[in-house]
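The structure under discussion appears below in the form of C-alpha cells.
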Amino acid sequence: MIMVKFRNLPSQLSLLLLAMVLTFSTTTYAQEEAAEAATEEAATDTAAADLGGDPVAGKTLFNANCAACHKLYDKAVGPALFGVGDKYEKEWLYSWIRNSQEMVKAGDPVAVKLFEENNQSVMTAFPALSDADIDNIIAYTYTEKPTPVITTTTTGEAGGGDNTATNNIILAALAMVFLLLVVMLMLVSKTLRRIAEANGVEYEEKEAKPSLWKAFVQNQFLVFVTAVFLLLASGYFAYGWMMQVGMDQGYAPIQPIHYSHKIHAGDNQIDCNFCHSSARRSKTSGIPSLNVCMNCHKNISEYNGEEDLANGYTKDFYTGEIKKLYEAVGWDENTQSYTGEEKPVKWVRIHNLPDFAYFNHSQHVSVAGVECQTCHGPVEEMEVMYQFSPLTMGWCINCHRETNVDLKNNEYYQKVHEELSKKYGVDKLTIAQMGGLECGKCHY
Amino acid sequence: MNNTSDNHMASNKKYWKSVEELKENSPIVETLKQNEFVEEIPTDDFLGDKETLEASSTTRRDFLKYVGFTTAAASLAACEGPVIKSIPYVVAPDEIIPGVANYYASSIGDGFDFANVLVKTREGRPIKIEHNDLDHGGEVNARVQASVLSLYDKNRLMYPTVGGEEVSWEDFDAGVVATMSQMTGKDVVLLTQTFASPTTAKLIQEFTTQYPNVRHVVYDTVSSSEAADAYQTKYGSRGLADYDFSKAEVIVSVGADFLGDWQGGGYSVGYIKNRVPKKGKKMSRHFQFEANMTLSGANADVRVPVKPSDQVKILKALTGGSVSGLPDNVAEAVRKAKSELDAAGTNGVIVTGIPTVEAQTAVLEYNDIKGSAAMDTAKPRLTSMGNTAEVTAVMNGVISGSVKGLITVGVDPVYSFPNASFADAYQNLEMSIAFSMREDATASRAKMVAALPHYLESWGDIQPKKGSFGLTQPTIRPLFNTRQFQECLLKWTENSKTYYEYLRENWENNILAGGAWSQALQDGVYESDVVLEELETTPALNALESATSAGALLPNTQDGGMELTLYTKTSMGDGQQANNPWLQEMPDPLTRASWDNYLTISASDASSLGLENYNVANGALNGSYANVSVGGVTIENVPVIIQPGQAQGSVGLALGYGKTDAIQKEMQTGVNAYTLYNNFSSVQTGVSISKASGIHEFACVQLQNTMMGRDIIRETTLEIFNTKDAEHWNPMPMVSKDHQEIPVTSPDADLWDSFDRSLGHHFNLSIDLNACTGCGACVIACHAENNVPVVGKEEMRKSRNMHWLRIDRYYSSQESFAHDFEKKDNISGLGSSLSEFAELEQASENPQVAFMPVMCQHCNHAPCETVCPVAATSHGRQGQNHMAYNRCVGTRYCANNCPYKVRRFNWFLYAENDEFDYNMNNDLGRMVLNPDVVVRSRGVMEKCSMCIQMTQKTILDAKRDGRAIKDGEFKTACSSACSTGAIAFGDVNDHDSEIYKKTKDDRMYHLLEAVGTKPNVMYQTQVRNTKES
C-alpha cells in the first residue's frame, strides 16, 4: 500500500530534522572537547612544573591502574586523589601503593586509619610500580579540575555554534516580511478601489460567464465521478488511518530516568546483550535490573561525554540522571555503600505486543542471529528510545517470508533442512517454508 | 386538536380527549384551546432575569462547548493505548531470568496426600506441580496437582490472632508461653495430622519433654487406624503394609479402593505395570469385591458388588473359611478367586478396606503365610499413623472436660469429629490453639490461631515410606504473615535455630548418612537405610486391644437398614482443599458430577425408596433428596445419584464436603458426611434412608452413560488378544466404493489430498485404555498448564464446562460391553429396535466400566477447519490443529461440526468478572496463570492445543543448543501428569521413538475412525483379563 509512505512520513521528517540537529550538535561537541583538552593540558603543564614527575605519563598510568577505584576530585571506591602528595609522605605512599595490606597488618597507624575510613575495602597491591611511576601518578593528581569553559567557547564560535537557532530566527523574520507584504498588497488594492469609487470611475464588472463551478455542478456525470473518486479516496485514507490504531510506531514516552541508548550503545559501544542478557535465553529481552547498571555506575558517577545543548542535555543533566539511579538503587555516594532504601524504577514500556501474540527473543537473537537493530532500529543513535518497527503481524510475516534460515552448524536443522530442501528443490529455505507462518506457532 | 365536527369528514363521530370536554364551558378546555399548557411555563422568570443569566459562569454555549469537547476527548483518548509500566528488579536474583521457568524439587505432606513433586516457578511464582521423575513409582494425583492453586487462596489466614484480634508473632509467642505455664499439670493434647516427618517428630518430642503435661495424639481425618493397629500388633512398630502390585499376578481386593485413596493411595503405578498386555507376557488378574463403585472396581477384571457385611464373609472364605451365607453368584466368584489365588502362590495378594483390626490382621496373616511378593512389611508406609481409640479418648476428654487444653495442627476437629457436642466443649476449653491455613471451624472457635504457610512456602521433610525420604523447600516467600508449626515449636522450646537450620542439622546428623545435603535438596528425594529412632508417638499395645474390642467390628452390630460406606472423592479427598475451584469443578471419574457430594444408591434400592434421577430438557441431571440417619444423627437433604454397580442394600457418601468456615460461598457445596463417621469407621450399619422433598440439580457433565454398542471404546479379552489376529478384535472400519469394501483409511476413500507430513516433526498422542485408571490428574494438569477457566456449578449443569481434556466414563448396559455389541447386532425389526435400543441406554446393575480421556483429536482432515468462516482454526505441519483466538468470531460452526465434541466456547468472560468469582477474578488467584498461554476472552472458541507452547519450547531449546531432539523430550501437560504412562506423546517422524511403536501396535485404533478424520490422537484397545466373553 502507498499508505506505508504516509505512515512513515512524520518519522522520516523527524529523522531528517534529527540528522540536521545531530550534524550541527556534533560539531559543537567536537569544539568543546578540543577546548577542554587544551585547558586540561595547560593545567597539567603547570602542575608538572612543581613536582618531579611527568603528569602525562602519570595520566596513562593512572587510567590503567587507579581509575577503576579512584577519581581525582570525588570519592569512589577509594578516596579522591587530588593532591594526594600533600597528604602523605612520599615514602609512605610508595609502600602503601605497593602493598597496603602489609602496612595495615603491621599496624601503621595512618594506614589502619585510612583502611577503616574506607569501609575496610582492600586496595589492590601494585608491587610492579616503580618509584618513578608513582611519582608520575602523584604529579598527575595535581591536575586542576577543569573549569567549565563552555560559555566562552560557544560565544567564540557563534557562527557555527548556534546555527539552528539563527536559522529559525531568519526563517521567522522572512515569514513575517512575507505576511506583511501580503497584507500591504490587500490594503493597497482596497484603497485603490475606494479611491476609484469616490472618483466615480466605473471599472468593468466582469461579464457573468457561467462560472467553472456552476458548469461543474451542472454536469451530473462529472459530479458523480468526482463523488465516487472522493469517496474511494477518503475510504482509502480512512482505512490507512484506522489501521494505525493500536500501532505505536515511533512511540517515545518520557522515562522516569533519561537513559540514553546513544551514550551507552553508541558512544561507549556497549553490546546490547551486556545489559539485556536475557534476550539470549528467554522470551523477553528483559529490562536490566538496577544492579546491572551499578556494575559500571558504581564508578561512573558523573557524565563527561559530549553534550547536546540544543536539547538541554548538558553534562549536569546527565549527571543528574545518574543521581536518580543512585536514589533508586539506594546507593550512598559519600559512604560508597548501599543504604537498603530501594525505589524500583517504573519504566514506561515501549514495545507492547498483545498477549495473544507469542514472541521469543532468544529464538531470534540466539538461534537466528538477528541483529537487535533489525527490529529495534538504530538504537545506538537514539537519545530517547522509541519504537522503530510497527510490530504488526504483516511486518512479522514479511520478514518470515523473506529471511532465509541460517542452518549451518546447528545439528537440529540438519536433517530437516536436507529433507525440506529436497522437497522444495532449493538450497536456501525461508522461515515460511519451515512452517514459520502457521497461526499456532505464535498464537497460543 | 379541535372537535372532529369542524372537520370535513363524513363521520359525525365526536372524539374527545378527556371527560372534561364533555362538560360545557369547562374553563380548562377553554384555556387549552388557546394555549398549549394549562399553566403558563415561567420562561420569563427564567430567561428574563438577564443579570443572573449573565452572571452564571456557564452559558448555554459554553455548556455545549464542554459537552462537545469532552465527547471528542473521550473518543480520542479511547484510541490511544494505555501506558504500561514495567518495573525490573532492583537487584535481580541470580537464578531468575524473566521468561524462563525454574523447577524446584519439593514434597507435599498435608496429612492426606504425600508425594514428591517438582514445582515449576515463573518469576518466582509457583505455577504448576509436576511429578518428580527421581521418585520412581510415586504418583502425583489430581489434588496434589491442584495444590498450587490452594497457595493463592484469598480465603487463607493472613496473620496470627489471639481472641480474634490480629497480633504479632512475638506477642503470640509470649501469649502461648504464658498460657502454657498456666496449664502446668493440666492435660493438654497436641492433636496433629500425620506429618510423617522425622524432623517434626524430633521437635515434637523436644516440645513434649519441655512441657510434660502435653501429649501428642495423631489424628487422621480419614482414618486407617485399624490397618495400622493390625500392623503394629503383628510387627511391633506402627505403619501400614506397603504393596507393590507389579509383583502380583492375582489381586483380590475386598472393599479396598487401592487405585483411589485406600491407605494413602498411590498404588496405580505398580498396578498398571502388570496390566498392559503384551503378547506372550502375563497380565495380572484382578478381583474386586466392593459396595461402592470405585476406580479399582472399574478397572477390575471381575467386579462383584457386595455390601460390607458380606465382605467380611468373603474375606473369611478367602482366608480359609467357607462361602456359606453368600449369594450363589458371589460364592461362585469367591471360589474362583480363591482357586486362582491358591494357584498363584506367592504371586497372589489380598487387600481389604474393611475397617476392623480382625480383617486387617487376617489379610496381613494371609499374605504373610503365602509369602506374597507384593506385600512389603519390612518398609511400611508411615502416612496414616492415627489411632482411633486415642482420638476418641481426646474427643470424649474435651467433651467431659478432662482435657483442658488442645493444640490442633493441620486438622479441623470441630468440622470433622462425629460428635456435635464437641464444638461447644471446644469453646469452653481453658486453652485452645489452632494451627491452620484458614479460619476453619476449629480456628474460628479457638482462642489463639496461628496462621500456617502453604507447603510451597515452607521447609520440611517427609518419610512416607520407611527409608524413602523427601525434602520440602519453599518456592516462594510467604505471601502472608504466616509461620510454620515447626518454627513455632523452636521458639517455644527456646531454640534459637531457624527450622531450616534445625532440619538441615537433623538430616546431616541422622538421615543423610554421608550423602550431601545440597544434592538431597536438589533431588527432593533421598533413599536411606538408616534406622531412625522411633519418635512418632505410638499408642501402647493395650490401647490397641481396647480399640479392637471397642471398635465397630463389622457391621452386623445393627441389623436392618442399609450399610453406608463413607469414601473420599478423587477430587476432594479429605476436604482440605474445599476452597479450590479446580477440584470442585473436576467431575468425579465415575458419576461425572462436579460441585457436590451425594448418596450413591443402587437402582433397585432407589426405586423401592422412591428415589429417582432424570434428565431435564437441557440435558441436565436432576435427582431426589434423601434424609440419611445413622444412630440418631440425621443428615437432611442429601442428593441421591443412582450408581450402577452399587451393591444392593448399601449406599455410599463422600467425606470432605459441607464445609462453610472460610470457604467462598460458591464452594460451600455438599453435606458434611463426617457427622456420620462414627468411631472413625468408613462402614456404618443400621442406616435408614427416607425420601425428602425437593429436587436437587446436579452439575453432571455426562448425559449418556452407555455406548449402546457403538464403536467408541474397543475392548477385548486377554484370551482373544493372545490367540486371534488384530483384525478380529481391532478391525479397520470399511466403507463401500463402487460396491467394493475398502478400508476407511485408504486414499481412495478420501475426498481430500493429504499433506506430506513426513518432514520435520509430526506429533501424535497415544492413550492406552488399559493403563488409564481414570484418576483425573491429567484434567487438573491441563487446567494449570493452559489457564482453563472455572465456570461454576450453574454453567457446568448447562454443559458449558471448559475442560480441554475430559475423561468419558461408559457403563455397559449388559454385564459386559461385549454383550452390548451382541445385543445391538441382534436387533432386527422396528419393534425390537425401539425397545432394545432404549434398554441399551440403561446401565447394568453391575456394569463393566471403561474410561476414555478425550481431548481435541487434532484430525489431519479436520471437520472444524473446513467450516470456519474466518480461518481461525487451521492445521499446522506438525499435526496440531491450531486455534487463533484473536481471529475467532464465535460462530461455533466448528464445535457443531466436531464429531468428538471437544471444542469449548467462552460463553462469558471468565477472567476478571464478578459473575465468575473464581481464581481468575482476584489478583492472588491470577498468580497461578501460565504466562505462556493467553487467557481467552468472551465469545471465542478454545480447545486442546496439544500443548503447543511446550513442544515449541522443546524445539527452541534444541535449536539454541544446536542439537537433535531425543525421544521423550516432547511432552504435553497430560502426558507428563500421567503417572501410569497411559498418555504418551511424541514425534512419529522419529521412527525410533516410543510413540512410533505405538502407531504400529496391534491395539492401536482411532476414535470414530469410520468418520475419516485421520486423528493425531490414537487409542490402544482395552484388554481385560477375563475368560468369559
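Readers should treat all values here as calculations from the given coordinates under stated rules, not as data from a laboratory. Because the structure is a prediction, the values reported are computed rather than measured. Note that each Cβ is placed from the backbone with ideal geometry, even for glycine, and that neighbours are counted across all protein chains shown.
How many percent of all Cα-Cα pairs in the stretch B:411-516 sit more than 20 Å apart? Can you show the working numbers first?
Working: 2960 of 5565 pairs.
Here the tail beyond 20 Å accounts for 53 percent of pairs.
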Using a Debye calculation, one point per C-alpha and no hydration shell, please list log10 I(q)/I(0) for the stretch A:285-377 at q = 0.17, 0.23 Å⁻¹ in order.
-0.96, -1.14
How big, on average over all directions, is the shadow cast by the Cα convex hull of the stretch B:780-840, in nm²?
6.4 nm²
Using +1 on the beta carbon of Lys and Arg, -1 on that of Asp and Glu, and nothing else charged, what's the dipole of the protein assembly as shown about the Cα centre, debye to 20?
3640 debye
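What does the net charge come to around B:Gln664 if you take all other residues with beta carbon closer than 10 Å to its beta carbon, with K and R at +1 and D and E at -1?
Values: positive: B:Lys154, B:Lys665; negative: B:Asp153, B:Glu666, B:Asp917.
Charge balance near B:Gln664 sits at -1.
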Taking the protein assembly as shown, the equivalent ellipsoid from its C-alpha gyration tensor has semi-axes in Å, biggest first, of 69, 51, 37
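Could you tell me which of the pairs A:Lys75/A:Lys315; B:Lys234/B:Lys497; B:Lys307/B:Lys379; B:Lys281/B:Lys943; A:Lys283/B:Lys943; A:Lys262/B:Lys85 are separated by over 30 angstrom between their Cα atoms in the structure shown?
Values: A:Lys75/A:Lys315 19 Å; B:Lys234/B:Lys497 39 Å; B:Lys307/B:Lys379 32 Å; B:Lys281/B:Lys943 38 Å; A:Lys283/B:Lys943 24 Å; A:Lys262/B:Lys85 22 Å.
As for pairs spanning more than 30 Å Cα to Cα, those are B:Lys234/B:Lys497; B:Lys307/B:Lys379; B:Lys281/B:Lys943.
Averaged across orientations, what area in nm² does the convex hull of the alpha carbons in the stretch B:105-161 project?
Details: hull surface 19.8 nm².
So the Cα hull casts an average projection of 4.9 nm².
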For the stretch B:580-637, alpha-carbon Rg over 2.2 N^0.38 Å
1.32
Taking only Cα atoms of the stretch B:800-880, radius of gyration then Dmax in Å
18.6, 50
For the stretch B:837-978, take N as its residue count and report Rg(C-alpha) divided by 2.2 N^0.38 Å.
1.29
Can you give the charge dipole size of the stretch A:321-366 about its Cα centre, rounded to the nearest 20 debye, using +1 on the beta carbon of Lys and Arg and -1 on the beta carbon of Asp and Glu?
220 debye
Please list the radius of gyration and Dmax for chain B, considering alpha-carbon atoms only, with Å as the unit.
33.6, 119
Which one of B:Thr1021, A:Ala215, B:Ala378 has its Cα pushed farthest toward the positive end of the charge dipole of the protein assembly as shown, where Lys and Arg give +1 and Asp and Glu give -1 at the Cβ?
B:Thr1021
Go through A:Lys323/A:Lys343; A:Lys422/B:Lys966; B:Lys247/B:Lys278 and tell me which ones have a Cα-Cα distance over 20 Å in this structure.
A:Lys422/B:Lys966
Stokes-Einstein at 25 °C, 0.890 mPa s, Kirkwood radius from Cα pairs: D for the stretch B:402-449 in µm² s⁻¹?
235 µm²/s
Which lysines, if any, have their Cα less than 24 Å from the Cα of B:Lys404, not counting same-chain residues under 8 positions apart?
B:Lys186, B:Lys447, B:Lys491
Just the number, please: percent antiparallel of the DSSP beta bridges in chain B, rounded to the nearest 5.
60 percent
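Could you sort out which of B:Lys959/B:Lys1000; B:Lys665/B:Lys793; A:Lys71/A:Lys145; B:Lys953/B:Lys1000 sit more than 18 Å apart by Cα distance in this structure?
On the way: B:Lys959/B:Lys1000 29 Å; B:Lys665/B:Lys793 12 Å; A:Lys71/A:Lys145 11 Å; B:Lys953/B:Lys1000 28 Å.
Over 18 Å apart, Cα to Cα: B:Lys959/B:Lys1000; B:Lys953/B:Lys1000.
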Cut-off 14 Å between beta-carbons: net charge of the residues surrounding B:Asn1016, Lys and Arg +1, Asp and Glu -1
+2
For the B:Asp957, B:Asp725 Cβ pair and Förster radius 41 Å, calculated FRET efficiency rounded to 0.05 is 0.45
Which ordering of A:Trp331, A:Trp213, B:Trp492 is given by a fewest-first count of other beta-carbon atoms within 10 Å?
A:Trp213, B:Trp492, A:Trp331
For the stretch A:50-143, diffusion coefficient by Stokes-Einstein and Kirkwood Rh (Cα), 25 °C, 0.890 mPa s, µm²/s
185 µm²/s
Sticking with the crude label model, points 7 Å out along Cα→Cβ, report the distance from A:Gln414 to A:Val225 in nm, one decimal please.
6.8 nm
The Cα extents of the stretch A:236-285 along the principal axes, largest first and rounded to whole Å, are 45, 26, 20
Could you work out the helix-only [θ] at 222 nm for chain B, with each DSSP H run of four or more residues adding -39,500 (n - 2.57) and the total divided by the number of residues, to the nearest 500 deg cm²/dmol?
-8000 deg cm²/dmol
Along its three principal axes, how long is the stretch B:857-939 when you only count alpha carbons? Whole Å, largest extent first please.
42, 25, 22
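Compute the convex hull volume of the Cα atoms of the stretch B:87-181, divide it by the residue count, and report the result per residue in Å³ as a whole number.
Details: hull volume 18.8 nm³, N = 95.
Spelled out: Cα convex hull of the stretch B:87-181, divided by residues, is 197 Å³.
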Cα extents of the stretch A:299-443 along the three principal axes, largest first (Å)
68, 37, 31
Taking Cα atoms only, Rg over Rh for the stretch B:899-1029 with Rh from the Kirkwood formula is 1.05
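Among the DSSP beta bridges whose two residues both lie in the stretch B:385-532, what percent are antiparallel, rounded to the nearest 5?
Of the beta bridges lying entirely in the stretch B:385-532, close to 45 percent run antiparallel.
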Taking the dipole about the Cα centre of the stretch A:248-355, with the C-beta of Lys and Arg at +1 and of Asp and Glu at -1, give me whichever of A:Ser285, A:Asn334, A:His261 is farthest to the positive side.
A:Ser285
Provide the convex hull volume over Cα atoms per residue for the stretch B:345-474, in Å³.
139 Å³
Likely footprinting exposure, B:His1006, A:His364, fewest C-beta neighbours within 10 Å first
A:His364, B:His1006
Centre separation in Å (Cα based) which lies between the stretch B:862-886 and the stretch B:557-593:
39 Å
Please give the FRET efficiency for B:Asp45 paired with B:Asp914, using the beta carbon to beta carbon distance and R0 = 35 Å, rounded to the nearest 0.05.
0.15
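Taking neighbour Cβ counts within 10 Å as the exposure measure, how do B:Leu621, B:Leu118, A:Leu309 sort from fewest upward?
Working: B:Leu621 22, B:Leu118 19, A:Leu309 16.
Listed from fewest to most nearby Cβ atoms, that is A:Leu309, B:Leu118, B:Leu621.
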If each of B:Ile87 and B:Arg938 carries a label point 7 Å out from its Cα toward its Cβ, how far apart are those two points in nm?
3.0 nm
